[in-house]
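A quick write-up on the structure given underneath.
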Amino acid sequence: MILSSEVPVAAGSKRLCFVHPDDPNLMVKVSRPDATPEDLRRKATSLRRRLLPASYLDEQRRELQAYRRLQARHGDIAWQHIPEFIGRVETDLGVGIVTRFIRNADGSAGINLTRFFPDGYAGEVDEAVRVLTDFVLALRLVPRDFKAYNVVIARLPDGRPHAWFVDGFGGSQFLPLADWNRAYGERMSRRRIDRFRANLENRVKNPDSQRLYPLTRDV
């Protein structure tokens, strides 16, 4: 698959996201050229991360493992708030992860949660986020990066907003202990949810200090 001639629809610090060249309802995520595992280890600020094997810092590899573990443990329930995993594809920018593209009922792209600050984060959007955190707890997810910039809000056919956890949901631990021990998993999930909520409150109080993650172009 050729992506280098395409314009990314979104860009993060470690990855680029493209609309699938053959299907506008799918997205392809690839690593940024400047965010290879070797680059991430070299730029790491902690000694622990610098000593980790490069494979541990491979975001694509870790997310593929997370998708497959979700699929094996929870089946279609996993895709209620996480974009459905379609598969792995080889691209001219490296390994690509193919998922559903989160769109509103009218076909327009969903909106990153960061775009709701400082205005508009209340009422039905807050309820959609609460349902998302309930989902994280029910599946005992221990996300490595549960932040507003990894949540997208899309409108359903009835107009209600639905929150999607689009990135950073893979576990940060070397062993998936939360999958093996229910009590431990629930405790760790609650901790991640509490931090997420605290981050949202901080964004409400200090909107000018927060980075926004809009789409890089209209789709």
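Once you order the gyration tensor axes a ≥ b ≥ c over the Cα atoms, which shape class does the range 95-152 get: rounded for a/c under 1.5, otherwise prolate or oblate by comparing a/b with b/c? Write down the numbers at each step before the final one.
Working: a/c = 1.63, a/b = 1.06, b/c = 1.54.
Here the range 95-152 falls in the oblate category.
With a Förster radius of 35 Å, plug the Cβ-Cβ distance of H74 and S5 into 1/(1 + (r/R0)^6) and report the FRET value to the nearest 0.05.
The pair H74/S5 has a calculated efficiency of 0.45.
Extension gain D194-D22, at 0.36 nm per residue separation less the Cα-Cα distance, in nm? The partial results should precede the final answer.
Details: separation 172, 0.36 × 172 = 61.92 nm, distance 3.97 nm.
Here the answer is 58.0 nm.
Readers should treat all values here as calculations from the given coordinates under stated rules, not as data from a laboratory. Bear in mind the structure is a predicted one, so any value in this text is a computation, not a measurement. Virtual Cβ from ideal backbone geometry, glycine too; neighbours counted across all protein chains shown.
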